[in-house]
1. So which helices (runs of 4 or more DSSP H) are wholly in the stretch A:57-155 and hold at least 2 residues that are within 14 Å of chain B (Cβ to nearest Cβ)?
2. Looking only at the stretch B:48-102, filter to residues that are small (G, A, S) and more than 9 Å from DNA strand C (Cβ to nearest atom); which one of those is nearest to B:A36 (Cα to Cα)?
3. Take the residues of the stretch B:61-83 that are modelled with pLDDT of 95 or more and among the hydroxyl-bearing types (S, T, Y): which is nearest to DNA strand D (Cβ to nearest atom)?
4. Looking at the stretch A:22-56, which of its residues are more than 8 Å from chain B (Cβ to nearest Cβ) and touching a His at 6+ places or on another chain (Cβ under 7 Å)?
5. Against the definition (of a type in the set (G, A, S), closer than 24 Å to B:N28 by Cα, surrounded by fewer than 20 Cβ atoms within 10 Å (Cβ to Cβ) and touching a residue at least 12 places away in the same chain (Cβ under 8 Å)), how does B:S70 come out, yes or no?
6. Need the failing condition index for A:R143 against (1) modelled with pLDDT under 95; (2) within 25 Å of A:L48 (Cα to Cα), just the number.
7. Keeping to the stretch A:125-143, report how many residues are touching a helix residue (DSSP H, G or I) at 6+ places or on another chain (Cβ under 6 Å) and crowded, with 17+ Cβ neighbours inside 10 Å.
8. For the condition farther than 27 Å from A:L16 by Cα and over 17 Å from the mean Cα position of the chain (by Cα), what is the one hit in A:E100, A:E131?
There are 2 protein chains.
Amino acid sequence: MMPKEAAQEADQLDRLGFLLARHGAIANLRIQQAMAQLGLGQRHSAVLLHLGQGPISQQYLVETLGIDPSLVVSVLNDLERAELALRRRDPDDRRRHIVEITSRGLATIDSINNVVGAVERELFADLDAGELELLRELLNRVRISADDPPCGAPE
Amino acid sequence: MMPKEAAQEADQLDRLGFLLARHGAIANLRIQQAMAQLGLGQRHSAVLLHLGQGPISQQYLVETLGIDPSLVVSVLNDLERAELALRRRDPDDRRRHIVEITSRGLATIDSINNVVGAVERELFADLDAGELELLRELLNRVRISADDPPCGAPE
DNA sequence: TATTGTTATACTCTATAACTATA
DNA sequence: TATAGTTATAGAGTATAACAATA
């Protein structure tokens with residue numbers, strides 16, 4: 001049984017909000033699948049990318065990524081088991097862990113950049129460099145407020 | 001020349017793929033919250049919008065929205081309980097249900113359009129009409145393939 | 001007493017598969 | 001036998017909250 005009015009459909013499904021949400025979800029899914037090829041969930045990658053910038057505490061990850069402390073524990077357990085990161089006690093405050101990336105973790109960051117780059121080339125194959133810059137600029141001007149989910153947060 | 005740490009951050013977090021995924025997720029979340037004000041999940045709204053175009057079978061919803069038959073049942077149970085839609089047997093094939101929207105359901109579609117419109121005005125407040133058209137055009141040229149999730153599909 | 005991190009539990013969402021009734 | 005829809009169950013993913021250790 002087919003819908004009779006295609007015009008109405010255009011009204012409702014062409015809404016820019018829906019378009020952004022939908023194509024964003026597709027981009028997200030593609031990235032997710034690419035990460036999975038590396039054996040990483042999205043959060044694992046997000047944590048790893050942050051660790052790439054220097055040692056940090058778990059609390060910092062909780063705040064920055066906007067995810068639950070118990071999730072950080074679980075992700076770090078995985079990363080540590082895979083020898084991509086390691087935890088050690090902070091001598092200045094023995095409650096804290098200093099989380100560091102390993103050399104294997106650094107190599108994995110390169111892999112992440114490669115696979116995400118490949119996804120991007122696929123997604124944006126029909127846009128030239130100028131259009132990509134334009135899209136980036138327009139997306140950056142979409143209003144997101146302070147309480148929006150940081151990258152790596154659940155959906 | 002930027003310090004090395006900041007350059008790396010820009011490399012990784014400014015990736016257009018991440019930007020699209022992230023801002024799309026925010027748009028999605030806002031829409032979701034707006035729907036929730038009406039007591040509707042995203043799927044409820046998606047189903048309702050499709051019903052607005054005329055009576056359809058449950059099978060059609062399964063195929064169009066890409067969601068599981070059992071989920072369609074559950075969503076329709078909710079919609080029926082709220083008197084937004086109703087099911088009746090198809091006399092031509094008594095296995096099928098013909099699903100119709102009610103007048104209350106039609107009114108709810110108006111509400112959906114209102115709240116989503118409000119979300120869009122918020123998200124896109126810093127863009128003028130021409131820029132919105134440009135953004136729409138660029139988003140439409142992002143490559144999505146046949147097996148990408150239809151709207152209403154799980155994430 | 002407050003904070004950091006951990007563990008254990010419960011809950012939500014979804015897919016899977018078995019089932020009923022029609023064809 | 002195949003199809004439309006329904007129901008029941010199990011699994012993944014997540015939040016919640018209790019807990020241990022430091023401060």
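The values are calculated or read from the model by the stated rules, or taken from the named source; none is laboratory data. Quick caveat, the model's predicted, so the values are computed rather than measured. Using ideal geometry, Cβ is built from the backbone for each residue, glycine included, and neighbour counts are taken over all protein chains shown.
1. On the way: elements: A:58-65, A:69-81, A:103-123, A:129-140.
Output list reads A:58-65, A:103-123, A:129-140.
2. So in the stretch B:48-102, the residues small (G, A, S) come out as B:52, B:54, B:57, B:66, B:70, B:74, B:82, B:85.
Among the residues that remain, those that are also more than 9 Å from DNA strand C (Cβ to nearest atom) are: B:52, B:54, B:57, B:82, B:85.
Working: B:G52: 19, B:G54: 24, B:S57: 25, B:A82: 14, B:A85: 18 Å.
Among those that are small (G, A, S) and more than 9 Å from DNA strand C (Cβ to nearest atom), it is B:A82.
3. Checking each candidate, the answer is B:S70.
4. The first filter runs over the stretch A:22-56 and keeps only residues more than 8 Å from chain B (Cβ to nearest Cβ), leaving A:32-48, A:50-51, A:55-56.
Of everything in the stretch A:22-56, just one residue is more than 8 Å from chain B (Cβ to nearest Cβ) and touching a His at 6+ places or on another chain (Cβ under 7 Å), namely A:I56.
5. On the way: of a type in the set (G, A, S): yes; closer than 24 Å to B:N28 by Cα: yes; surrounded by fewer than 20 Cβ atoms within 10 Å (Cβ to Cβ): yes; touching a residue at least 12 places away in the same chain (Cβ under 8 Å): no.
Criteria not met by B:S70.
6. (2)
7. Going through the stretch A:125-143 one residue at a time, the tally reaches 4.
8. The match here is A:E100.
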